[in-house]
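Asks: Here it is: the structure, laid out below.
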Amino acid sequence: MTATGRATKPGRTARPAGQRRQGRLFWIALAAPGMLWLVVLFIVPFYAMLAIAAGQLNVILRSPVPVWNPLAWSRGNLIVVLHEIFGSGAFVGPIIVRTLVYVAAASALSLLIGYPAAYFVARFAGRRKALFLILLIAPFWISYMMRMLAWVDLLQFNGYANRVLGLLHIAPVNWLGGNPVTVILALVYGYIPYLILVLYAGLDRIDPALIEAGRDLGLGRTRTFLHVTLPLSRQPILTGLLITVLPMLGDYYTNQMLSGAASTSMLGNVINGQLQTPGLQGPGAVLSVLLLLVLLIPMVYYVVATNRSSREAT
């Protein structure tokens, strides 16, 4: 028992109040740079975006006038965006649906490709595991823009893709002329390394003894995978999909580079176009805020699911 009547844990001695205060100050000092970074590069820009989204428009200069006082915020830009999404002449609503379809297809295809690759490296790579990890990380050494430009050269009308089709006596395809398949495959190509690395990290942490226990109980390879490995990899799958889906929803550069057609426009293209158009920065800021609020839903679900899994593990 301490002087204040509190019981101390066995094997631990109560520290003086001065040492506890110094310990708290030490951790606060370590966290201060990160907190300052968060305030300067996230909270302040986000509040500026809110001020523009709820601000006014300079009719003469066609430029946004931010309103910094929340009590004076206007709903004008929000009403405009809601009409663009749900109104009779809405054009953003179909683009949102198209974005969701593209992202769902790209995420499913990424998982179908990435999970077997990560599973192979984690379970069967053996001594060559380091080599395969280097090959998985190698795409990060090249900028995203350079990888997309390589795809432009690959998929142009007289590019290598159509040359291969010609050898197979198949008519050439206009890959870069507003083809949805091109956009989906490019999203997969751009973001699948993130998914594979997360899946590998999760699969590599699965205790092999659990898999061997399933085999000892009479389960075959397939049933062991379905009843042991796959449930244990649920959290890595959720994390990997979160890391890939969130940037895909706001992606505009991939579609702009490999299509540029209105028929394949995604929500990110709409936001980018409005932010660069005089007089439309306010609605563009509203769309950005709404997209961020929607993205918070899977992020909160991920945090809750992670905490629940941690409690179940303990």
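The values are calculated or read from the model by the stated rules, or taken from the named source; none is laboratory data. This one's a predicted model, so the numbers in the text were calculated from it and none came from an experiment. For neighbour counting, all protein chains shown are included, and Cβ atoms are generated from backbone atoms with ideal geometry for every residue, glycine included. Side chains included, ligands, DNA and RNA excluded: accessible areas come from the protein's heavy atoms. Shrake-Rupley method; radii C 1.70, N 1.55, O 1.52, S 1.80 Å.
Asks: Any idea how many residues of segment 250-270 are among the small types (Gly, Ala, Ser), buried (at least 17 other Cβ atoms within 10 Å of the Cβ) and in a loop (DSSP other than H, G, I, E, B)?
Replies: Residues flagged as among the small types (Gly, Ala, Ser), buried (at least 17 other Cβ atoms within 10 Å of the Cβ) and in a loop (DSSP other than H, G, I, E, B) within segment 250-270 amount to 2.
Asks: If you scan segment 226-235, which residues turn out to be surrounded by 17 or more Cβ atoms within 10 Å (Cβ to Cβ) and over 19 Å from the mean Cα position of the chain (by Cα)?
Replies: Within segment 226-235, Val228, Thr229 qualify.
Asks: Can you name the residue in segment 159-184 that is outside any loop (DSSP other than H, G, I, E, B) and in contact (Cβ under 8 Å) with a residue 40 or more places away in the chain and is also farthest from Leu267 (Cα to Cα) among such residues?
Replies: Ranking the qualifying residues of segment 159-184, first place goes to Thr182.
Asks: Does Leu293 count as hydrophobic (A, V, I, L, M, F, W, C), free of Cβ contacts under 8 Å to residues at least 24 places away in the same chain, surrounded by fewer than 16 Cβ atoms within 10 Å (Cβ to Cβ) and under 30 Å from Asn58 (Cβ atoms)?
Replies: Here the answer is yes, as Leu293 does meet what is asked.
Asks: Would you call Leu242 over 23 Å from Ala201 (Cβ atoms) and either in a helix (DSSP H, G or I) or not β-branched (Val, Ile, Thr) (or both)?
Replies: Against the criterion (over 23 Å from Ala201 (Cβ atoms) and either in a helix (DSSP H, G or I) or not β-branched (Val, Ile, Thr) (or both)), Leu242 does not qualify.
Asks: Tell me whether segment 236-249 contains one or more residues that are in contact with a Gly (Cβ under 8 Å, 6 or more places away or on another chain), closer than 30 Å to Ala90 by Cα and surrounded by 18 or more Cβ atoms within 10 Å (Cβ to Cβ).
Replies: For segment 236-249, residues in contact with a Gly (Cβ under 8 Å, 6 or more places away or on another chain), closer than 30 Å to Ala90 by Cα and surrounded by 18 or more Cβ atoms within 10 Å (Cβ to Cβ): present.
Asks: What do you reckon, is Gly279 touching a strand residue (DSSP E or B) at 6+ places or on another chain (Cβ under 7 Å) and farther than 22 Å from Leu197 by Cα?
Replies: The answer is yes for Gly279.
Asks: Within segment 185-219, can you find the residues that are touching a Lys or Arg at 6+ places or on another chain (Cβ under 9 Å), open to solvent by 40 Å² or more (accessible area, probe 1.4 Å) and either in contact (Cβ under 8 Å) with a residue 60 or more places away in the chain or within 20 Å of Trp151 (Cα to Cα) (or both)?
Replies: Answer for segment 185-219, where residues must be touching a Lys or Arg at 6+ places or on another chain (Cβ under 9 Å), open to solvent by 40 Å² or more (accessible area, probe 1.4 Å) and either in contact (Cβ under 8 Å) with a residue 60 or more places away in the chain or within 20 Å of Trp151 (Cα to Cα) (or both): Tyr189, Asp204.
Asks: Can you give me the number of residues within segment 273-282 that are more than 17 Å from Pro94 (Cα to Cα) and either of a type in the set (A, V, I, L, M, F, W, C) or part of a helix (DSSP H, G or I) (or both)?
Replies: Qualifying residue count, segment 273-282: 4.
Asks: Now, a different point. Being within 25 Å of Gly55 (Cβ to Cβ) and either part of a helix (DSSP H, G or I) or in contact (Cβ under 8 Å) with a residue 40 or more places away in the chain (or both) is the requirement here; does Leu226 meet it?
Replies: For Leu226, the condition - within 25 Å of Gly55 (Cβ to Cβ) and either part of a helix (DSSP H, G or I) or in contact (Cβ under 8 Å) with a residue 40 or more places away in the chain (or both) - is not met.
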